[in-house]
C-alpha cells in the first residue's frame, strides 16, 4: 500500500531536508548545559507519535483525496514538530527570526487539513457501512465471514435468526429464501475449482444488488445461500424468488447449465416460532426432499 | 524389498494435491508465505512440473491452510478441486473407470505412489463392501482432514459418475460428533455417524457395478499404464504403519514380535520403537488395532463364534479374548452383534 504514496513521502523528506539545512545554517548550536532535556523528551515523543500517524495512514489507506489530506496534515505537523525539536539544540538570534515563523506557521494548517481528512474519513465509513448492509445485520465478527464471497456464514445466520425470532412482533411475518445453485457440482467439475469459486462470488454479488437493504444474505455452505427477510410476507418473498430464478440465466452467460433454485418460507401469525436450530434442519431437509417444511402449514 | 513410505519420503501425488490446496486457500485471501512457512516448500517449487513433496511438509502445509482459512469444509473443497483438476492422472484414471468396483481396484493397485497417507483396506460382508480407512503413516494431528479428504474423493467420484447416487453408501467416522454437521450433509449428501471404532465407508454391492457416466475403457487403460510406469520409476512403497499392519495380520494367530518386525525393516528393535513414536503409535497399540479390526470383521461380517475368533487371533482362551475386546471397544463381543 505504501508504494502508492511514494511521491508524497519523497516530497515530505525533501521538505524536512530543507528545514534541517535552514536550521543548521541559520542557528548557532547551544552549549550542552543550556539544553532543556525535558523539553527535548516531550517534543521528541510528539514527533514520533506524528510519524506513527503518518505510518498508519500510508500503510493502510489507498490513494484518494481523504488520504492526501491526512498525509499533508500529518506532514505539516511533522515538519513543525521537527523544527521545534531542532530549536532546542540551536539558538536563533533576534525576536522575529524567519525560522520561528517556519516552525510555528505550518502546525495550524496541518491540524486543519487533518480535521478535514478525518471528517472525510467518517463520511467514507458511512458509505462503506451502507455497502455492508445486506451483508451484515447487528453483529460484526470477522471470524464468521466466508472468506470467498465475503458474506457471513451459517453460524452468523443462526445468530441473526435467533435475534429476529426473539424480536419479531406477531403481525410481522419473517420470510426466508433458500437459494441453491443447481448444477454447480457439474460446473465445478467441468470448468475447475477456480472457475467455480468465481461463479459463486459473482452470484453472491448479483443477488446482493437485487435485495432490499433490510434483508440479510448469508452463505449457508457449498452452493447454498440463505436470505433473511424481516417484516416480509410470503407473497413478496416468493416474488423475489421468481425474479431471481427467471433473471439468472440471462445475467450469467458463462454459467452454462447452472440455474438458481429459490424456495421461500415464512414464519407468521401468533404461532410459536421454531427454535433456530430446528428451523435450519427443517430447511435442510426441505432442500433435499423438496417437501414443504413442517413449520409452515400454509 | 523397498523400504516402506515414511514422513520424510517424497511423492508426486502430494505435490499435485498441494497445488490445488494452495490455490484454493489463496482464493480465500490466505497469504502464500504464511501457508508455506515451516514446510520446506518454496513458491518457485510450485511451478516446477513433477516436483515432489515430503509427507511431513504436506502435513505442515495442511496445518497452515487450516489455520489461515478456518472454514469447516476445506477438506471437501480440496477434494472437489482435485477431482476437477485435469492434470491429476490418478484421479482422472479413477473417473474414466467402467464402474466403481473397477475404480476401487485400480485405486488399491496404484495406492502406493499416489495416496500413501491412508491405508484403505476392503472387507466384504453379505450386504456391502466396507472400506476401512487408517493412517498409513503418522499424520501429525491432521487425521481428520486426511480422512475427510479421502472420503470426499470417493463420494465425489460417486456423485459425478453415478449421478448423485449416494443412497447406497454409509459412512462411519471416529471423530466426535461436531455441533454443526451441515457441511457433511451439503457436500456428501449423507449424514455420517460419529464416534465409531474405525473410519469406515460401506458401499452397497449393486452400486459397485453400475456403469460410470464418464467411462472410457481406452483412456482408463492408457492412464493405468502411465501410472504403472511412473510408480515403477519411483518405487512402489506403502506407508510404514500399513506395512507393519499387513505383516502382523499375516502372522496371526502368531504374534509378530518387535524384533521380527524390526528385522523385516532392517533396523534394530529400539530404532523401530523410536520410529513408531515419531508416528504417534506404539508397537502394542498397532498389534491391538490389527487384532481388534480382525475380530470386528469376523464377528460382525462373518458371524464367527467367540471361541473360533479367539483361536484365530491367537488368544489362549475365549475369556482372554472377551476381556481384550471389552478393552478395545468398551463393550463385550455379544453387544456388537447387531441384528
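Coordinate-derived values only; no laboratory data. A quick note: this is a predicted structure, and the numbers were derived from the prediction, not measured. Heads up, the Cβs are rebuilt from the backbone with ideal geometry, glycines too, and the neighbour counts pull from every protein chain shown.
Spin-label model, residue B:260 to residue B:285: label points 7 Å out along the Cα-to-beta-carbon direction sit 2.3 nm apart.
Here the extension length gained between residue A:24 and residue A:182 equals 49.5 nm, from 0.36 nm per residue of separation less the Cα-Cα distance.
When the Cα convex hull of segment B:1-131 is projected onto planes of every orientation, the mean area is 9.7 nm². Taking a ≥ b ≥ c as the square roots of the Cα gyration tensor eigenvalues, segment B:73-234 comes out prolate, since a/c reaches at least 1.5 and a/b is larger than b/c. Subtracting the Cα-Cα distance of residue A:165 and residue A:256 from their residue separation scaled by 0.36 nm leaves 28.9 nm.
To the nearest 0.05, how large is the calculated FRET efficiency for residue A:139 and residue B:180 if R₀ is 22 Å and r is the Cβ-Cβ distance?
Once the sixth-power term is evaluated, E becomes 0.80.
Applying 1/(1 + (r/R0)^6) with r as the Cβ-Cβ distance of residue A:125 and residue B:277 and R0 = 60 angstrom yields a FRET efficiency of 0.65. Averaged over peptide A:184-197, the number of partner chain Cβ atoms lying within 10 Å of each residue's Cβ comes to 5.
Across 5 Å bins from the origin, how do the percents of Cα pairs in segment B:240-336 run, short distances first? Here the calculated profile for segment B:240-336 is 2, 13, 24, 23, 15, 12, 8, 3, 0.
By how many nm would the segment from residue A:231 to residue A:60 lengthen if fully extended, with 0.36 nm per residue of separation less the alpha-carbon distance?
57.7 nm
Taking the C-alpha atoms only, the angle from helix B:12-27 to the longest principal axis of chain B is near 60 degrees. Over the protein assembly as shown, the reciprocal of the mean inverse Cα-Cα separation, the Kirkwood hydrodynamic radius, stands at 29.7 Å. Seen against the Cα atoms of chain B and their longest principal axis, helix B:100-114 is set at about 80 degrees.
If I fit a long axis through the Cα atoms of helix B:143-161 and take the longest principal axis of the Cα atoms of chain B, what angle between them do I get, 0 to 90°, rounded to 10? Result, in degrees: 70. Averaged over peptide B:74-86, the number of partner chain Cβ atoms lying within 10 Å of each residue's Cβ comes to 3.
Mean partner shielding of peptide B:181-190, defined as the number of other chain Cβ atoms within 10 Å of each residue Cβ, is 4. Taking max minus min of the alpha-carbon positions on each principal axis, segment A:134-246 gives extents of 48, 34, 19 Å, largest first.
Using a ≥ b ≥ c from the Cα gyration tensor of chain A (square roots of the eigenvalues), is it rounded, prolate or oblate, where a/c under 1.5 gives rounded and otherwise the larger of a/b and b/c decides, a/b for prolate? The shape class here is prolate. Debye calculation, C-alpha points only, no solvent: report log10 I(q)/I(0) for chain B at q = 0.13, 0.14, 0.15 Å⁻¹, in the same order as the q values. Listed by q, the Debye log ratios stand at -1.09, -1.26, -1.43. Calculated on the Cα set of segment B:158-317, radius of gyration then Dmax: 20.3, 54 Å.
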